[in-house]
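Enquirer: One structure, pasted below without further comment.
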Protein chains: 2
Amino acid sequence: MASDHTRSAILAAAERLYADRGFGDVTLRDIVAAAGVNLAAVNYHFGSKDELIAELFVTRSIATNRERLRELKAAEEQGGGRAPIEVILHALVGPTLRGCLGPENQRSTAARFMIRASIESVPPIRRIKNREIDHLRKFAGAMRRALPERSEVDIYWGLNFALAMAHHTIRESERLTKLSEGKCDLDDVEDVVARVVSVATMALTAGKTETKALPRVAAR
Amino acid sequence: MASDHTRSAILAAAERLYADRGFGDVTLRDIVAAAGVNLAAVNYHFGSKDELIAELFVTRSIATNRERLRELKAAEEQGGGRAPIEVILHALVGPTLRGCLGPENQRSTAARFMIRASIESVPPIRRIKNREIDHLRKFAGAMRRALPERSEVDIYWGLNFALAMAHHTIRESERLTKLSEGKCDLDDVEDVVARVVSVATMALTAGKTETKALPRVAAR
DNA sequence: TTGCAATTCAAACAGTTGTATGAAACTATC
DNA sequence: GATAGTTTCATACAACTGTTTGAATTGCAA
């Protein structure tokens with residue numbers, strides 16, 4: 001039985017540093033300094049820096065996915081196996097947005113870490129990331145049940161756009177605030193969630209697969 | 001009068017490498033090897049690695065913005081100072097999408113470099129990036145003229161979502177292809193552009209600022 | 001050709017990175 | 001309290017980074 005203290009101190013410090021400054025410029029020495037442990041501790045407890053990152057990512061990935069699926073399952077059971085599309089989308093983008101936006105002090109390092117992981121492309125994470133697809137497929141399935149008349153292609157595009165708006169808004173929240181001179185309130189998380197869900201819902205429910213028929217603007 | 005040959009060879013090689021592999025793991029030695037020049041050439045011609053990146057970014061940034069503004073200006077002049085919102089959005093996301101998607105061989109390294117720059121956060125670029133805001137403000141202005149009844153907040157959110165869909169689709173194109181098992185055709189660039197423009201247009205023109213009034217899904 | 005500046009080059013530099021080592025300190029069991 | 005196993009620590013290591021240096025080479029004007 002180990003003390004585990006050093007181990008979890010490293011995990012916590014690493015997660016916070018990665019969430020704040022990205023994977024690119026966080027060194028092992030930064031991590032052990034923040035954790036207050038010896039340099040060799042990381043290699044002793046995790047084997048290598050990459051394995052530390054991988055463990056962090058796997059742990060958080062499982063937690064996030066469970067959170068999202070819990071919301072989804074609950075909604076589908078309540079609706080007798082079929083949830084409204086808004087609720088599905090809400091379960092998809094809600095947890096992440098809630099963890100990454102809002103007043104500084106209540107943001108979750110876990111959520112911010114996951115966004116970093118989804119943005120920056122670091123080898124140990126890239127290797128694992130394919131499992132994420134299975135997770136998204138479950139959402140695609142629920143969306144198909146909610147919109148049976150919709151083509152599969154449209155479902156995937158809707159899913160893609162929903163994630164796009166959520167992630168991009170998180171990533172560029174600072175720029176959006178500056179661009180709008182504070183008029184867009186990124187601290188009102190539920191409003192942001194509602195906006196993303198609303199637009200994604202429109203994308204998925206608007207008149208049948210007509211994107212191809214839209215007025216094609218003259219290219220150059 | 002210098003030969004300039006070495007200089008442009010470095011620029012070309014650097015742009016391609018950064019576009020392909022990101023800023024994180026491209027070393028000066030990689031660049032000079034690809035360019036077929038001596039290691040010291042970068043420091044001789046550009047001063048430092050950061051200044052090389054900065055020059056690359058500034059050059060491409062100016063070119064991209066000019067391209068987008070040209071499409072925008074042309075559309076507004078044709079409409080007597082007011083262009084349809086679809087055309088504005090098309091000018092905003094079209095050039096980038098066209099340069100980053102489509103058949104492998106006709107993708108532009110320049111566009112892919114710019115996407116890298118907008119994704120990964122490397123110091124020399126971050127310092128310059130604020131000018132981008134002025135550029136986006138011009139689009140916000142055009143959008144306001146196209147939709148005078150729309151609130152400013154909605155305009156900024158629509159702009160944000162349009163860029164979100166475009167950038168995210170480029171960034172995660174591989175995953176979307178895999179997720180949809182090839183059903184989403186990322187090579188049909190004009191279809192992708194049409195989809196993004198269509199959804200963004202809906203986001204901007206759908207019933208008045210009602211996001212706040214949408215059914216608020218039970219939070220957890 | 002001579003002279004001079006611009007450019008290229010091999011080599012070395014100082015700094016940082018992740019990792020490995022072996023001794024010291026601790027912890028629990030007998 | 002001696003012993004064996006685990007954990008910590010200071011330190012060294014090898015590999016790699018961007019940068020500098022000073023000598024060699026080139027290109028071109030007089």
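Enquirer: Would you mind telling me which residue in B:65, B:105, B:38 has the biggest mean-square fluctuation in a Gaussian network model of chain B, where springs connect alpha carbons within a distance under 10 angstrom?
Expert: B:105
Enquirer: Could you give the dipole magnitude of the protein assembly as shown about its Cα centre, charging the beta-carbon of Lys and Arg +1 and that of Asp and Glu -1, in debye to the nearest 20?
Expert: That gives a dipole near 100 debye.
Enquirer: Okay, moving on. Kindly express, to the nearest 10 degrees and within the range 0 to 90, the angle between helix A:109-119's C-alpha long axis and the longest C-alpha principal axis of chain A.
Expert: Relative to chain A, helix A:109-119 is tipped by roughly 70 degrees.
Enquirer: Moving to a separate point now. What distance in nm separates the simple spin-label points at residue B:44 and residue B:109, each placed 7 Å from Cα in the Cβ direction?
Expert: Label at residue B:44, label at residue B:109, 2.1 nm between them.
Enquirer: How many square angstrom of accessible surface are buried between B and A, both sides summed, with a 1.4 Å probe and rounding to 100?
Expert: 5800 Å²
Enquirer: Another question, if that's okay. To the nearest 20 Debye, how big is the dipole of the stretch B:129-174 about its Cα centre, given +1 on the beta carbon of each Lys and Arg and -1 on that of each Asp and Glu?
Expert: In total the dipole reaches around 260 debye.
Enquirer: Relative to the longest principal Cα axis of chain B, at what angle does helix B:152-171 sit, 0 to 90 degrees, rounded to 10?
Expert: 50 degrees
Enquirer: Report the gain in length on full extension from residue B:20 to residue B:82: 0.36 nm times residue separation, minus Cα-Cα distance, nm rounded to one decimal.
Expert: Net length gain for the segment: 18.4 nm.
Enquirer: Another question about this same structure. Quick one: with label points 7 Å out along Cα→Cβ, list the inter-copy distances for residue B:178 in nm, shortest first?
Expert: 3.3
Enquirer: Can you give me the % of accessible surface on the stretch A:1-69 that is carbon or sulfur? Probe 1.4 Å, all protein chains present, nothing else counted.
Expert: Percent of accessible area from carbon and sulfur atoms in the stretch A:1-69: 53.
Enquirer: On to the next question. Counting only heavy atoms of the protein chains, get the accessible area per residue of the protein assembly as shown (1.4 Å probe) and round it to a whole Å² value.
Expert: Per-residue accessible area for the protein assembly as shown comes out at 46 Å².
Enquirer: For residue B:62, place a label point 7 Å from Cα along the Cα-to-Cβ direction in every copy; what are the distances to the other copies, in nm, shortest first?
Expert: 5.3
Enquirer: Can you give me the P(r) profile for chain B? Cα pairs, bins 10 angstrom wide beginning at 0, each as a whole percent.
Expert: Once binned at 10 Å, the Cα pair distances of chain B give 7, 28, 30, 22, 10, 3, 0.
Enquirer: Suppose R0 equals 41 Å. What FRET efficiency, 1/(1 + (r/R0)^6) with r the Cβ-Cβ distance, do residue A:145 and residue B:187 give to the nearest 0.05?
Expert: After rounding, the FRET efficiency stands at 0.90.
Enquirer: Build a GNM of chain B with springs between Cα atoms under 10 Å: which of B:39, B:136, B:17 gets the top mean-square fluctuation?
Expert: Greatest mean-square fluctuation among the candidates belongs to B:39.
Enquirer: Right, next: May I ask which residue of B:108, B:59, B:88 lies farthest towards the positive end of the charge dipole of the protein assembly as shown, with charges of +1 (Lys, Arg) and -1 (Asp, Glu) on Cβ and the Cα centre as origin?
Expert: B:88
Enquirer: Something else about it: Hey, what do the phi angles of the stretch A:37-50 turn into as Karplus ³J(HN,Hα) couplings, whole Hz, using 6.51/-1.76/1.60 and θ = phi - 60°, x for Gly and Pro?
Expert: Once rounded to whole Hz, the list reads 10, 6, 4, 6, 4, 4, 5, 5, 8, 10, x, 7, 4, 4.
Enquirer: Assume the label is 7 Å from Cα along Cα to beta carbon: what separations in nm does residue A:34 have to the matching positions in the other copies?
Expert: 3.1
Enquirer: Size of the dipole of chain B about the Cα centre, Lys and Arg at +1 and Asp and Glu at -1 on the beta carbon, nothing else charged, in debye to 20?
Expert: Its charge dipole is roughly 660 debye.
Enquirer: Something else now. For the stretch B:125-134, in order, what is each residue's ³J(HN,Hα) by Karplus, 6.51 cos²θ - 1.76 cosθ + 1.60 with θ = phi - 60°, in whole Hz (x at glycine and Pro)?
Expert: With the stated coefficients, the stretch B:125-134 comes to 7, 4, 5, 8, 4, 5, 4, 3, 4, 4 Hz.
Enquirer: Give a residue-ordered list of calculated ³J(HN,Hα) values for the stretch B:73-87 (Karplus: 6.51 cos²θ - 1.76 cosθ + 1.60, θ = phi - 60°; whole Hz; x for Gly, Pro).
Expert: Values, residue by residue: 4, 4, 5, 5, 5, 4, x, x, x, 9, 9, x, 4, 4, 5 Hz.
Enquirer: Which of A:138/B:183; A:129/B:178; A:183/B:73; A:178/B:49; A:49/B:49; A:178/B:138 have a Cα-Cα distance over 19 Å?
Expert: Cα-Cα > 19 Å for A:183/B:73; A:178/B:49; A:49/B:49; rest within.
Enquirer: Could I ask something else about it? With a sphere of radius 14 Å drawn around the Cβ of residue A:83, what net charge do the other residues whose Cβ falls strictly inside it have (Lys, Arg +1; Asp, Glu -1)?
Expert: +3
Enquirer: What is the helix-to-structure angle for B:189-205, meaning the angle in degrees between its Cα long axis and the longest Cα principal axis of chain B, kept from 0 to 90 and rounded to the nearest 10?
Expert: Around 40 degrees separate the two axes.
Enquirer: Counting each DSSP H run of 4 or more residues in the protein assembly as shown as -39500 (n - 2.57), what helix-only mean residue ellipticity at 222 nm follows after dividing by all residues, to the nearest 500 deg cm²/dmol?
Expert: -23000 deg cm²/dmol
Enquirer: Provide the three semi-axes, in whole Å and in decreasing order, of the ellipsoid equivalent to the stretch B:148-190 as defined by the square roots of 5 times the Cα gyration tensor eigenvalues.
Expert: 29, 10, 8
The values are calculated or read from the model by the stated rules, or taken from the named source; none is laboratory data. Note that the structure is predicted; figures quoted are calculated from it, not measured. Glycine also receives a Cβ, built like all others from the backbone with ideal geometry; neighbour counts cover every protein chain displayed. Side chains are part of the model used for accessible areas, which takes the heavy atoms of the whole protein and leaves out ligands, DNA and RNA. Shrake-Rupley method; radii C 1.70, N 1.55, O 1.52, S 1.80 Å.
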